[in-house]
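Take a look at the structure set out below.
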Amino acid sequence: MSPSGSPGFTRGGLTVHREPAELARVTRALRATGRKIHLVPTMGALHRGHLELIRRARRDINSVTVVSIFVNPLQFGPNEDFDRYPRSFEADLAACEDAGVELVFAPSVEAMYGTDPQITVHSGPLGEQLEGATRPGHFDGMLTVVLKLLNIVRPDLAFFGEKDYQQLVLIRRMVRDLNLDARIQGIPTVREPEGLALSSRNAYLTEEQHSAALALSASLTAGAHAGTGGAEAVLKAAGEVLATEPSVKVDYLELRDTELGPAPAEGEARLLVAAKVGATRLIDNALVLLGSPGVSEQA
Ligand code: PAF
């Protein structure tokens, strides 16, 4: 049992740790035996997108995969869905066990943050744009918990989905700007057959909202196909698709470069969309090749 009294437990081949110091000790010992440590940070409610991150993390047979399951209060605003965010801990553990995960880290909020945390990460100007414009403080909270996870686990590689593209760019930026040791691996978005990007928040959608939400990925596909015509053509094509679904309330549709600076005249760019469908806010993005024939990636 750890000093603060919250015991971990073992289930089949899986060990669940509750205390940061305990997990840090275990990963340090594993590293000393020559194993690589791979980290998959999640907020639980695991779906096929998370399982793809886990699958990629486990591809290196010399590695041990740590999946963290922690709904991080710091990255939710006061009027956001922290309390009703889907939680399915038992099912998540079963999914991790089936996927061959060796270590799960599932701390309480108190174990993670202590009683009087004072220092957080500031996400800078990029953290105030796109998602950050409607979710002030979200990226500060997200980067703070990711930095803590990287410090606790000290992974050789950490895996994040491209669905949260701005999150991925900011994490890479934090690693670079703060001289962190970890390497960050982005993994392409997993989609439903009809195109909707998998997200734990899809669970909030009614059947009707779910079919309206398909407009997001369809708009990205239309935008990507218009890439040869340049930025204006991309935004026009994507916007036209979104306009066909009046129940989809678009927050932003933007074309940026791959680091989320201004869009280039040609070459690789990222098309990003955020919209509310009912009370549910959804985001999606796709790579677009500007000014060249062909489509690099379909949403
Ligand atoms: O993408 C998520 O699920 C979360 O933002 C993360 C990276 C696990 C941090 O809480």
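The values are calculated or read from the model by the stated rules, or taken from the named source; none is laboratory data. All values derive from a computational prediction rather than experimental measurement. Neighbour counts run over all protein chains shown; Cβ positions are idealised from the backbone, glycine included. Each accessible area value is taken on the protein alone, full model and side chains, heavy atoms only, with ligands, DNA and RNA left out. Shrake-Rupley method; radii C 1.70, N 1.55, O 1.52, S 1.80 Å.
Counting alpha carbon pairs within less than 8 Å and at least 6 residues apart, what relative contact order, in whole percent, applies to the chain? Spell out each step's value before the answer.
Working: 565 pairs, mean separation 45.2, N = 299.
The value is 15 percent.
The H on the amide N of Phe105, modeled in the peptide plane, is under 5 Å from the matching H of His17, Val67, Ser68, Ile69, each at least 5 residues off or on a different chain. Highest GNM mean-square fluctuation among Ile184, Ile37, Ile61, for the chain modelled with Cα contacts below 10 Å: Ile61.
In the chain, taking the dipole from charged Cβ atoms about the Cα centre, the farthest positive-side position among Pro20, Ala91, Ile119 is held by Pro20. Highest mobility in the GNM of the chain, judged by mean-square fluctuation with C-alpha springs under 10 Å and restricted to Ala197, Ala95, Ala158, is found for Ala95.
Average projected area of the Cα convex hull of the chain, in nm²?
Details: hull surface 63.9 nm².
Projected over every direction and averaged, the Cα hull of the chain covers 16.0 nm².
Among DSSP beta bridges whose residues both lie in region 1-147, state the antiparallel percentage, nearest 5.
Numbers: 3 of 16 bridges.
That works out to approximately 20 percent antiparallel.
Annotation: Cα Rg of region 148-299 relative to the compact-globule expectation 2.2 N^0.38 Å equals 1.10. Note on the chain: with a GNM built from Cα contacts shorter than 10 Å, the maximum mean-square fluctuation among Glu254, Glu128, Glu80 falls on Glu80.
Ile152 exposes around 20 Å² of accessible area when a 1.4 Å probe is run over every protein chain in place.
Which of the pairs Lys36/Lys276; Lys163/Lys249; Lys163/Lys236 have their Cα atoms more than 29 Å apart in this structure? Correct reply: Lys36/Lys276.
Between Arg59 and Arg201, what's the calculated FRET efficiency when r is the beta-carbon distance and R0 is 25 Å? Round to 0.05.
On the way: r = 28 Å, r/R0 = 1.11.
Computed FRET efficiency for Arg59 and Arg201: 0.35.
Taking the Cα centre of region 141-241 as origin and assigning +1 to Lys and Arg Cβ atoms and -1 to Asp and Glu Cβ atoms, the resulting dipole is close to 500 debye.
Sequence-distant contacts, meaning Cα pairs under 8 Å at least 6 residues apart, place the relative contact order of region 1-135 at 30 percent. Accessible area of Thr228 (1.4 Å probe, protein heavy atoms only, ligands and nucleic acids ignored): about 80 Å².
The DSSP beta bridges internal to region 57-212 are antiparallel in roughly 10% of cases.
When both bridge partners sit in the chain, DSSP labels roughly 55% of those beta bridges antiparallel.
Per the Cα gyration tensor, region 65-200 maps to an equivalent ellipsoid with semi-axes of 22, 19, 18 Å, ordered largest to smallest. Using the alpha carbons alone, the radius of gyration of region 1-141 stands to its Kirkwood radius in an Rg to Rh ratio of 0.99.
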